[in-house]
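Quick notes on the structure that follows.
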Amino acid sequence: MNKPDLLQWQKLQADLRAAGHRRLVVVEGDRDASLAWLGSLLPVLPVTPGVWTGSVEDQPEPSLTSIKPVEGRRWLGRELACVVWDGWQGNPPDSFAALSGTLSAGGLFFWLMPPLADWGGFEDPDYWRTGLDGAAGHPFAARLARIVASDSDVIRVNPSVNPQPDLPEIPVAGEAFEVGATADQRALVEDLVRTGLGRRRRPLVVTADRGRGKSAALGMAAVRLLQEGRQRVVVTAPEQGAVKTLFHHARLAAGQVSGPEMGTDNVAVGDQGRLQYLPLERLLAEQPDAEVVMVDEAAGIPSDLLKQVLLGWPRVIFSTTVHGYEGSGRGFAIRFRSVLDTETPHWRGASLTAPIRWSASDPLEPLTRQMFLLDAEAPAAEGDSSGVVVERWSPAIAGDQELKEAFGLLVDAHYRTSPGDLRQWMDDPAAVSWRLTCNGVLVGVLWATAEGGLESELAEQVMMGKRRLRGHLLPQSLATHSGFAEAASQRLLRVVRVAVSAEVRHRGLGQKLVAAARDHARRQGLDAIGTSFGGNAGLVSFWQQCGLEPVRLGLKREASSGEYPLQMLSGVSSNGTALARHLRIRLAEHWLILLPRNWSDLEPGLALQLTGGLPPVAPLNEDDRRDLRSFAEGHRGFDLAVPVLAKLSMQPEVIGLVLASGSQSLWARAVLQGWSWQGLQVTKDCLGREQGENALRKVVHNILQNRPDL
Ligand SMILES: CC(=O)SCCNC(=O)CCNC(=O)[C@H](O)C(C)(C)COP(=O)(O)OP(=O)(O)OC[C@H]1O[C@@H](n2cnc3c(N)ncnc32)[C@H](O)[C@@H]1OP(=O)(O)O
Ligand SMILES: Nc1ncnc2c1ncn2[C@@H]1O[C@H](COP(=O)(O)OP(=O)(O)OP(=O)(O)O)[C@@H](O)[C@H]1O
């Protein structure tokens with residue numbers, strides 16, 4: 001009979017729990033046989049709470065919760081005794097990695113799949129979601145198969161061939177593993193308490209892998225601070241769900257009852273003390289009088305908002321996950337470090353290494369790390385930028401060390417780089433990549449993908465919003481939102497990611513990588529090179545230096561960067577050049593009406609930069625000049641001068657003068673973004689209407705003096 005030896009599995013599970021380990025069990029081959037095999041094994045194992053990533057009808061054990069394969073990330077922060085992952089239904093990497101992190105000590109992760117040798121050719125049902133279906137090969141899955149095959153801690157079962165493989169002996173130490181504070185965590189709590197009680201402006205930045213107990217430590221430390229005399233500790237995070245663990249451990253530390261369904265708004269300690277959660281916007285708007293502010297999952301918050309928190313309160317603690325399942329916090333650490341170095345050079349870093357919910361010798365964590373390159377690190381760049389070589393390179397055929405370094409560079413540069421991106425990069429047949437080395441050390445990577453080239457009928461339908469295609473981000477968005485069907489029929493090379501090591505930035509290396517991609521686009525007869533990213537002033541400058549121009553700004557801020565998506569393009573063929581020009585002129589024609597309606601909260605520097613980068617729609621006429629002079633000399637009020645001031649902003653080189661005026665933010669918001677005087681007072685752009693108008697008059701006066709030709 002194809003049945004497992006139940007007693008052996010029960011012993012294995014008990015030994016794993018005592019050792020604080022979890023294991024991956026790959027159940028290979030025929031799916032029905034695998035389900036039957038699991039159906040006889042699971043009832044004798046502890047499987048609740050547990051999940052099954054398949055349909056309810058196929059569920060091998062009724063007490064498992066049936067979820068869709070993509071829903072794993074929703075379980076982050078919870079603990080599962082068992083995961084049964086039906087790979088036949090799809091293997092979205094982010095979700096898989098997230099679920100593996102929810103498994104507690106003693107947990108088994110069953111993975112149903114075809115035989116390992118077939119993984120590279122297996123048409124994973126999840127491929128369609130990101131347009132990878134039908135690709136000739138799947139190097140990402142083939143690599144996973146190699147890793148699984150070479151890991152002796154993975155248990156492999158093929159129920160139709162060998163239903164009872166030899167199970168490993170788990171060495172169990174004298175004392176069984178128990179979840180509890182590690183020495184690391186206790187030391188961190190002391191450090192946090194010292195920071196919270198200490199002198200001003202010595203921020204602490206806590207970084208660690210997932211599940212090290214950072215959030216819990218913040219909760220425990222907050223309570224200690226309140227017990228030791230602080231009255232108000234405020235915690236914030238990208239979303240309220242992220243502070244559940246923090247509040248749970250705060251309640252326990254305060255000797256209160258805590259349960260999973262309890263709120264995360266407030267914990268009172270003693271007569272006066274209060275730990276309170278505030279969403280970031282409220283924290284910044286209300287500026288509460290807190291002695292200590294803690295920011296959990298700080299990588300999920302744009303650095304300019306973190307900076308406001310940093311400067312707004314006397315004692316600030318930031319905490320974030322590095323090597324997360326849904327993206328990495330190291331990019332955050334790098335980006336935010338420059339803010340810290342400038343604003344508060346005495347900031348300190350702290351870290352936690354020991355896992356809390358499983359033992360340090362658990363084999364599942366290092367395995368998932370390797371599978372999804374969760375710990376990918378860019379090689380140390382010494383700051384040497386000589387001996388530059390730019391070359392085509394492919395992640396699909398790279399050795400593991402090379403791949404790890406290149407992916408590490410992308411991860412460092414973009415904190416939302418996730419395992420799903422690795423799969424896309426390796427498997428997308430339209431992907432082309434380059435790497436840049438300095439004296440043999442990898443310091444730059446560019447990943448691009450060819451998009452568009454749709455038949456004209458389909459392109460028309462995409463333009464009219466009647467069809468949506470997977471992939472083709474840039475052409476689709478330009479066709480649908482900007483209204484140009486030819487954007488979907490032309491062939492564009494979209495730069496998905498470009499990254500240069502922080503140590504060697506601003507030396508022209510990034511531009512070299514983009515030039516290589518542009519060259520390729522030209523040689524391949526493509527029409528344009530473009531990109532789409534969370535717009536900020538620095539990156540817009542970079543892309544402008546590379547010859548790309550803004551052609552579209554999205555209407556909704558991206559969840560990942562907190563910024564508006566911006567698309568930039570540069571023609572390579574004559575058709576592409578005409579399209580880019582056409583798109584820009586169209587954007588320019590609409591800009592002054594769209595900007596205040598849709599992007600009034602756009603960062604003012606970026607609003608000015610984009611305005612200055614657009615072609616002028618119409619030159620100033622005699623009436624405009626008269627109005628400008630009247631405004632500058634005080635005969636005409638601001639309210640009636642706004643249209644002419646806005647028109648003035650779009651004249652060549654005017655924005656340069658505005659940027660140099662010292663009133664740039666006031667100009668952007670009052671003239672271009674439609675702000676009220678009241679709002680401008682709150683942001684301290686002016687003291688009130690009179691002072692604001694006078695400042696703007698001065699700017700106009702200066703522009704008229706400098707540019708008599710206008
Ligand atoms: C689709 C996408 O990938 S968008 C995301 C781009 N990648 C990232 O944000 C990752 C982190 N950043 C990086 O890796 C690098 O800063 C890159 C790739 C953006 C630029 O690489 P570099 O090698 O520094 O660019 P390079 O030296 O060729 O060009 C620098 C010019 O770009 C502009 N620029 C680049 N970064 C900035 C910035 N933060 N602020 C202002 N201008 C900037 C400037 O004009 C700069 O000229 P300067 O050095 O004379 O001031
Ligand atoms: N001292 C402790 N005793 C018991 N359980 C703990 C302790 N510290 C943390 N935990 C538990 O371990 C898990 C991970 O802790 P926590 O969320 O604080 O880690 P983290 O490093 O903040 O991870 P993440 O990056 O996932 O937020 C949680 O389930 C938490 O309740």
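The values are calculated or read from the model by the stated rules, or taken from the named source; none is laboratory data. Owing to the predicted nature of the structure, the values given are computational and were not obtained by experimental measurement. Every residue, glycine among them, receives a Cβ derived from its backbone with ideal geometry; neighbour counts consider all protein chains shown. Just so you know, the surface numbers come from the protein's heavy atoms only, side chains and all, with ligands and any DNA or RNA stripped out. Shrake-Rupley method; radii C 1.70, N 1.55, O 1.52, S 1.80 Å.
Between LEU284 and GLU558, the modelled labels are 1.8 nm apart [label points 7 Å from Cα along Cα→Cβ].
For the chain, find the longest principal axis of its Cα atoms and tell me its angle to the long axis of helix 183-197, 0 to 90°, nearest 10. With both axes taken from Cα atoms, the answer is about 30 degrees. Counting Lys and Arg as +1 and Asp and Glu as -1, what is the net charge of the other residues whose Cβ lies under 14 Å from the Cβ of LYS512? That works out to +3.
Would you mind working out the accessible area per residue for the chain, using a 1.4 Å probe, and quoting it in Å²?
Per-residue accessible area for the chain comes out at 42 Å².
In order along segment 660-676, phi translates into HN-Hα couplings of 8, 7, x, 10, 5, 5, 4, 4, 4, 6, 6, 7, 9, 9, x, 6, 7 Hz, rounded to whole numbers, per the Karplus curve 6.51 cos²θ - 1.76 cosθ + 1.60 with θ = phi - 60° and x for Gly and Pro. Gain on full extension, evaluated as 0.36 nm per residue between ALA360 and ARG199 minus their Cα-Cα distance, stands at 54.4 nm. Rounded to 0.05, the FRET efficiency of the GLN308 and ASP118 pair, given R0 = 41 Å and the Cβ-Cβ distance, is 0.20.
Computed from the C-beta positions of ARG74 and ARG629 and an R0 of 60 Å, the FRET efficiency is 0.45 to the nearest 0.05. Between ASN621 and GLU382, the FRET efficiency from the beta-carbon distance, with R0 = 51 Å, is close to 0.30. When the square roots of the Cα gyration tensor eigenvalues are ordered a ≥ b ≥ c, the ratio a/c for the chain is 1.5 or more and a/b does not exceed b/c, which makes its shape oblate.
To the nearest ten degrees, helix 139-150 and the longest principal axis of the Cα atoms of the chain are 30 degrees apart. Take every DSSP beta bridge whose two residues both sit in the chain; close to 45 percent of them are antiparallel. Using the alpha-carbon atoms, what tilt in degrees (0 to 90, nearest 10) does helix 303-312 show relative to the longest principal axis of the chain? So the helix axis and the longest Cα principal axis differ by about 80 degrees. Using a cutoff of 8 angstrom between alpha carbon atoms and counting only pairs six or more residues apart, the relative contact order for the chain works out to 9 percent.
Under the 0.36 nm per residue contour assumption, what length would be gained going from the current alpha-carbon distance of GLU589 and GLN10 to full extension?
So the chain would gain 201.4 nm between GLU589 and GLN10.
Dividing the mean sequence gap of close Cα pairs (under 8 Å, 6+ apart) by how many residues segment 388-597 holds gives a relative contact order of 16 percent. Among the listed pairs LYS466/LYS556; LYS307/LYS404; LYS214/LYS244; LYS404/LYS556; LYS214/LYS307, a Cα-Cα separation exceeding 24 Å is found for LYS307/LYS404; LYS404/LYS556.
Counting protein heavy atoms only, the chain has 49 percent of its accessible area on carbon and sulfur, 1.4 angstrom probe. First check a/c for segment 388-597, with a ≥ b ≥ c the square roots of the eigenvalues of its C-alpha gyration tensor; if it is under 1.5, answer rounded, and if not, answer prolate when a/b is larger than b/c or oblate otherwise. Note, shape of segment 388-597 comes out prolate.
Over all other residues within a Cβ to Cβ distance under 15 Å of TYR564, the charged ones net out to -1, with Lys and Arg as +1 and Asp and Glu as -1.
Among 37-47, 101-111, what's the highest-first ranking by average C-beta atoms within 10 angstrom per residue?
Answer by packing, highest mean first, reads 101-111, 37-47.
With the highest mean first, a sort of the peptides 364-372, 283-291 on other beta-carbon atoms found within 10 angstrom per residue produces 364-372, 283-291.
Packing-wise, with mean Cβ within 10 Å as the measure, how do 628-639, 352-363 rank, highest first?
For the peptides 628-639, 352-363, the packing ranking is 352-363, 628-639.
Once you order the gyration tensor axes a ≥ b ≥ c over the Cα atoms, which shape class does segment 183-352 get: rounded for a/c under 1.5, otherwise prolate or oblate by comparing a/b with b/c? Rounded.
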